[in-house]
Amino acid sequence: MDSGGTSDPYVKVYILPNKSKTFETKVFRKTLNPVFNENFKYQIPQKELTESTLVMQVYDFNRFSKHDIIGEIRLNLSTVDWNHVIEEWRDLSEASKHEQEHLGEICFSLRYVPTSSKLTVIILEAKNLKKMDQVGSSDPYVKVQLILEKKKWKKKKTSVKKRTLNPYFNESFTFDVSFEQIQKVQLVISVWDHDKMSRNDAIGKIYLGCDATGNQLRHWADMLSNPRKPVAQWHTLLSAEQVDTTLALKHTLKIPFTNKNF
């Protein structure tokens, strides 16, 4: 990483999604083969292991500029056999461009009735939202949006809850979505901070649909396999940039016509 053909490596260790504590090893000077031999301990309830990911990121230390990331390993803790001590080599991967900063969690319910082509989304509550205001709070509200063929299709939003990081909404929204469309549509749930004086800021987003992965896909699949039954689940918010990049929405260009007499 350095112009001299070497690096000053160290390792950051943390666990997602909470990222409550980050450990760092000491820095090794001018070497590409550091031996750290350092131990870090986390206390995690067993039920949280299935949703947790261990992240180990190797950085190059620079005293007077931003530290450069060399690579990382992300290990899903649900895949680990806890009956044995693991000691193994793994190749570093390119660092994720979207660091999963803890933005908060949201709970909502989904129900789909094929006979009436009705999709009902109930925004229940959110917790531990990122502080967006100078006073250490937020004025959150939730947008519910449907995306079809990479274009924004339908949207609704909740009321604004003042000065809270743990808002309770319990607001229901119903959309007309045919059975053919439900297999193609993507549901985007986004939490925003309302601001009277400036533009509203996105706190975080999550998207569901047949193209989603992980917990989002599981929630969508549970809804489809239990028609007419509301299915509620908590989700960890992702960055707006990460979701928008994944969805790669097509933007339609609006051309203002000054003379409408054609």
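Consider region 92-122 and keep the residues that are closer than 19 Å to Asp176 by Cβ and out of contact with any strand residue (DSSP E or B) (no Cβ under 6 Å at 6 or more places or on another chain). The one that is least open to solvent (accessible area, probe 1.4 Å) is Val113. Scanning region 154-178 for residues that are open to solvent by 40 Å² or more (accessible area, probe 1.4 Å), touching a Phe, Trp or Tyr at 6+ places or on another chain (Cβ under 9 Å) and either closer than 18 Å to Leu247 by Cα or outside any strand (DSSP E or B) (or both) returns Lys154, Ser159, Val160, Lys161. Out of curiosity, is Gln183 out of contact with any Ser or Thr (no Cβ under 8 Å at 6 or more places or on another chain), among the polar types (S, T, N, Q) and either modelled with pLDDT of 95 or more or over 19 Å from Leu237 (Cβ atoms) (or both)? Spelling it out, Gln183 is indeed out of contact with any Ser or Thr (no Cβ under 8 Å at 6 or more places or on another chain), among the polar types (S, T, N, Q) and either modelled with pLDDT of 95 or more or over 19 Å from Leu237 (Cβ atoms) (or both).
Scanning region 49-64 for residues that are part of a loop (DSSP other than H, G, I, E, B) and open to solvent by less than 70 Å² (accessible area, probe 1.4 Å), which turns out modelled with the highest pLDDT? Give the steps one after another, and end with the answer.
Keep residues of region 49-64 that are part of a loop (DSSP other than H, G, I, E, B), which gives 52, 61-64.
Checking the rest, the ones that are also open to solvent by less than 70 Å² (accessible area, probe 1.4 Å) come to 52, 61-62.
On the way: Ser52: 90, Phe61: 79, Asn62: 72.
Residue satisfying both the conditions and the ranking: Ser52.
In region 198-217 there is at least one residue that is within 18 Å of the chain's Cα centre (by Cα), aliphatic (A, V, I, L, M), at pLDDT below 90 and in a helix (DSSP H, G or I). Summed over region 123-143, residues that are within 16 Å of the chain's Cα centre (by Cα), open to solvent by less than 20 Å² (accessible area, probe 1.4 Å) and without any contact (Cβ under 8 Å) to a residue 60 or more places away in the chain total 1.
Entry remark, region 150-180: residues being touching a residue at least 40 places away in the same chain (Cβ under 8 Å) and over 18 Å from the mean Cα position of the chain (by Cα) number 16 in total. Of all residues in region 11-33, those satisfying the criterion of being touching an Asp or Glu at 6+ places or on another chain (Cβ under 9 Å) and over 18 Å from Arg74 (Cβ atoms) are Lys26, Val27, Phe28, Arg29, Lys30, Thr31. If you go through region 2-48 and keep only what is surrounded by 10 or more Cβ atoms within 10 Å (Cβ to Cβ), free of Cβ contacts under 8 Å to residues at least 40 places away in the same chain and at positive phi, you end up with just Lys30. With respect to the stated conditions, Lys151 is under 24 Å from Ser239 (Cβ atoms) and open to solvent by 40 Å² or more (accessible area, probe 1.4 Å). One residue stands out in region 70-103 among those that are of a type in the set (A, V, I, L, M) and either more than 25 Å from the chain's Cα centre (by Cα) or at pLDDT below 85 (or both): the one that is farthest from Val58 (Cα to Cα), namely Val85.
Given the structure, is Ser239 open to solvent by less than 60 Å² (accessible area, probe 1.4 Å), more than 25 Å from Leu16 (Cα to Cα) and in contact (Cβ under 8 Å) with a residue 60 or more places away in the chain?
no
Of the residues that sit in region 218-246 and are more than 13 Å from the chain's Cα centre (by Cα) and over 19 Å from Pro114 (Cβ atoms), which one is modelled with the lowest pLDDT? Walk me through it before giving the result.
We begin by selecting, within region 218-246, every residue more than 13 Å from the chain's Cα centre (by Cα); these are 218-233.
With over 19 Å from Pro114 (Cβ atoms) added as a condition, the list becomes 218, 232-233.
Numbers: Arg218: 79, Ala232: 92, Gln233: 88.
Here the answer is Arg218.
The values are calculated or read from the model by the stated rules, or taken from the named source; none is laboratory data. Treat the numbers as computed from the prediction; the structure is a model and nothing was measured. Glycine also receives a Cβ, built like all others from the backbone with ideal geometry; neighbour counts cover every protein chain displayed. Ligands, DNA and RNA are stripped out before the accessible areas are found, and what is left, the full protein with its side chains, is counted by its heavy atoms. Shrake-Rupley method; radii C 1.70, N 1.55, O 1.52, S 1.80 Å.
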